[in-house]
Every structure is written in structure tokens, then in C-alpha cells.
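See below for the structure under consideration.
Where a number appears in this text, it was derived from the coordinates with a stated rule and is not lab data. All of these numbers come straight from a predicted model, not from anything done at the bench. Don't worry about glycine lacking a Cβ; one is built from the backbone with ideal geometry, like all the others, and counts go over all protein chains shown.
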Amino acid sequence: MTSRNVLILPGDGIGPEIVAQAVRVLDKVNEKFALGVTHESALVGGSAYDETGSPLPEATLTKAKAADAILLGAVGGPKWDGLDMSVRPEKGLLGLRSNLDLFSNLRPAILYPQLADASSLKPEIVAGLDILIVRELTGGIYFGQPRGIRTLENGEREGFNTYVYNESEIRRIAHSAFIAARQRGKRVCSIDKSNVLEVTVLWKEIMEEVAKEYPDVELSHMLVDNAAMQLVRAPKQFDVMVTGNMFGDILSDAAAMLTGSIGMLPSASLNAEGRGMYEPCHGSAPDIAGKGIANPLATILSVAMMLRYSLDAKDAADAIEAAVSNVLDQGLRTSDIASEGNKVVGTEEMGNAVLAAL
Ligand code: IPM
Ligand code: MG
């Protein structure tokens, strides 16, 4: 691969702090494995709005389209809560997802054995947990039209959104899930609400149709409310879970917490060519922004996913994942994942430890 240009989008809240550590890790493996990665930064989210009046400035979108991969921190915060929906920080993130057609969102929930105590569930329920949530990311109720808040004839206001999926949108995310399952436990559980919502009746039907092309992978279906319950009751029953945008948003936060902290989980959002945006599953955590205590590991692990999926640098990805595991073995923890007997460290110290382990 010749061009390896990464766009760095720190964003808001803890975004800049955690991304700074992830970039140090990227620079380190770049040097160590002679990857030839170059990177530049741009504005997105609330910080972009403050500077330019748009959460996704044209310049950022242009750079994003040209990049081989994107590393994003997080967007949003109470400072921008009052803004019109069209310019909220989250629109920057959603705009990147839809403009780059990043329809396939991979959210692994893996329990590091060292963190079994940090989970809110009993260790035996989560030990060895390894789930992959495949979330459709550019359709469904997040993007369906019409949407808005209108005033009815009687003067009362009404909010409305549209939950819509067409066959090709369902088909391509189904393929993502089946392909991913082939490389793991060969089981896909498709999550729907087909007892109430027609759109997910179609979803279920297309999943069945695509499953025929993957006879080596087992497909099952589960209603979303039951899936939420099963995730906290017996999460190890799942291998790959595939679902739409909104259910995936909700279930992936629940799955993340099983692993001790949402601060540990990376994600990849890929388009049909495998180009992608990589970000931690967690948000901008405005309550701890600027304090230097945020956990940078999800972002550092997102760099590993980026190297593996978009930059064809598996060895570097493996090295980062091993370094993170090594740091946890040493007993180092940011406060979100600390239990008794651990050494609690801040964001930068955690970055230092990962660099040292590399
Ligand atoms: C996520 C986030 C976003 C989403 C927000 C920030 C728009 O919660 O990536 O899960 O809802 O998709
Ligand atoms: Mg979310």
C-alpha cells in the first residue's frame, strides 16, 4: 500500500485528550513497523461549530473523503445542547457516516480477563465474553424521512421520525455480519422487533435470504427487548449480533458495560470498499473533560482496528493489542476500570505505559 493518510478528528470533551494518546501510539508503531502513515487533523463537532458555524465544515469533509482512514475522538457536550438539531455536534458525526457511506459498524465487546472484577456482572457470567455487534449505521430511524416537529391544527406540537430500511440496505449489512461470523464463532443472531414493526419483518426476511449464501453460518433471530435482557442475563450465548441503527446504538452500550467499562471498547465504521472511520464506542464524557483522567484505551484500540481493517498492518495492530493487555497485566488502570489493588493512573500516564509496552 502506498498511500496511508489518516485524518485525525479529536472532537469535543475528552476527545482531544484520548486522541492525543492514540496518536502517540500510532506514531510509535508507524516508526517501529515502517508503515509510512502520515496524518493531519481537522475540526468536527461542537468545536468545529464554535470555530466555523458548522459541526462538519466543508474542509473537514473534503479531507475525510480523501483519507485512507479516519480516527475520531468523540463529539458533543452540554455547551451545545440548546442548538438547533441541524447544527448539533452529533450532526458532524452523522454527516461523516452518511457522506462516506460507512454503513457497517463493528463494535466488539471483549472482556479482558484482567478486568473481570470491573464488570457489574458476576465474573462467571462475563468471563471469556467475546461478542461482535454489527450495527447498520447509515439508515433506519436515524436518517429516515420525513422527520421533524410540526404543529397540528389544534395547535399541539407533534414530533415524528421515520423508521425505514430498503432491501439493499438490509442485504449489505447482512453480508457484513455473515462475513464477520465466518471469521469467528459462525453464529449470527439478528435482532428485530418483528412482532410490532413492519420494517423489521422485512429485515428478518432479508436476513434469511442472505443466510442461504452462508450455509456454514447459523442464523437465529431475537426480539430486541429479549436481546437486551439476554445480554445482561447470559451474554456468552451470542457470537455476532446484527441489528439496525437505533437498536445497535442501545445494545452496544449495554454490551460495552459487560466488559467492565465502555472506556475499553473500540469500533470500526466501514464502507463497501473497507475504508473506515475508527472511534471509541463511548461519548465525549463532558463531566470529566480536561481532568486528565479519561481512559484512552478504547481510542488506542481503535487505532489497532484501523491498522487491521483499513491500513493492512496486522502486525502493528497485534502489537498494540498486546501492549494494552500487558499494561493491564501490570495492574495499571484509569479510574473507570480500577478495582482494589490497582494502580490508578491518568490519561497521559496510561498512554506512556502503552508506549513503553510497545
Ligand atoms: C454512538 C453515539 C452516536 C450515535 C451519537 C453521538 C450520535 O451514541 O456512536 O453510539 O447515536 O450513533
Ligand atoms: Mg451510542
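Measure off 7 Å from each Cα along the Cα-to-Cβ vector at Ile125 and Ser168, then give the distance between these two points in nanometres to one decimal.
Each label point lies 7 Å from its Cα, and together they span 4.3 nm.
Could you tell me the center-to-center distance, by alpha carbons, between the stretch 75-106 and the stretch 1-62 in angstrom?
16 Å
Greater than 18 Å separation of Cα atoms is the criterion. Which listed pairs, Lys32/Lys314; Lys186/Lys212; Lys32/Lys63; Lys122/Lys236, meet it?
Over 18 Å apart, Cα to Cα: Lys32/Lys63.
If you average 1/r over all unlike Cα pairs in the stretch 130-258 and invert the result, what Kirkwood radius do you get in angstrom? Could you put the intermediate results ahead of the total?
Values: mean 1/r = 0.0651 Å⁻¹.
One decimal place: 15.4 Å for the Kirkwood radius.
Using every alpha carbon pair in the stretch 46-114, what percent of pairs falls into each 5 Å bin from 0 up to the bin containing the largest distance?
3, 14, 24, 21, 15, 11, 6, 4, 2
Tell me which DSSP H helices of the chain clear both cut-offs, 30 Å or more of axial length from alpha-carbon atoms and a mean Kyte-Doolittle hydropathy of at least 0.5.
In the chain, no H run is both long and hydrophobic enough.
Please work out how much length the chain gains when fully extended from Lys32 to Gln330, using 0.36 nm per residue of separation minus the C-alpha to C-alpha distance, in nm with one decimal.
105.0 nm
Suppose each label sits 7 Å from its Cα in the direction of the beta carbon; what would the Glu213-Asp287 distance come out to in nanometres?
4.4 nm
Compare the peptides 237-246, 347-356 by average per-residue count of other Cβ atoms within 10 angstrom and give them in order, highest first.
My ranking of the peptides, most packed first, is 237-246, 347-356.
Efficiency by 1/(1 + (r/R0)^6): what FRET value for Leu223 and Thr62, r their Cβ-Cβ distance, R0 = 41 Å, to the nearest 0.05? Let's see the in-between values first.
Details: r = 42 Å, r/R0 = 1.03.
Efficiency computed from Cβ-Cβ geometry: 0.45.
Output the relative contact order of the chain, whole-number percent, from Cα pairs under 8 angstrom with separation of 6+ residues.
Value for the chain: 22 percent.
Take the eigenvalues of the Cα gyration tensor for the chain, scale each by 5, and report the square roots as semi-axes in whole Å, largest first.
Here the semi-axes work out to 30, 26, 21 Å.
Using a/c under 1.5 as the rounded threshold, could you call the stretch 249-358 rounded, prolate or oblate? The axes a ≥ b ≥ c are square roots of the C-alpha gyration tensor eigenvalues, and prolate needs a/b larger than b/c, oblate otherwise.
Cα axes put the stretch 249-358 in the oblate bin.
Anyone know which of Leu137, Leu94, Leu56 comes out most mobile in the 10 Å Cα GNM of the chain?
So, out of Leu137, Leu94, Leu56, the one fluctuating most is Leu94.
Percent relative contact order of the stretch 130-258, based on C-alpha pairs within less than 8 angstrom and at least six residues apart?
So the answer I get is 36 percent.
If I model a spin label at Asp50 and Arg157 as a point 7 Å from the Cα along the Cα→Cβ vector, what separation in nanometres do I get?
2.7 nm
Where Rh denotes the Kirkwood radius from the mean inverse Cα pair distance, what is Rg over Rh for the stretch 178-227?
Numbers: Rg = 11.2 Å, Rh = 11.2 Å.
Reported Rg/Rh, Kirkwood definition of Rh: 1.00.
Multiplying the sequence separation of Asp318 and Glu340 by 0.36 nm and subtracting their Cα-Cα distance, what value in nm do you get?
5.0 nm
Between the stretch 255-334 and the stretch 168-236, how many Å separate their Cα centres?
25 Å
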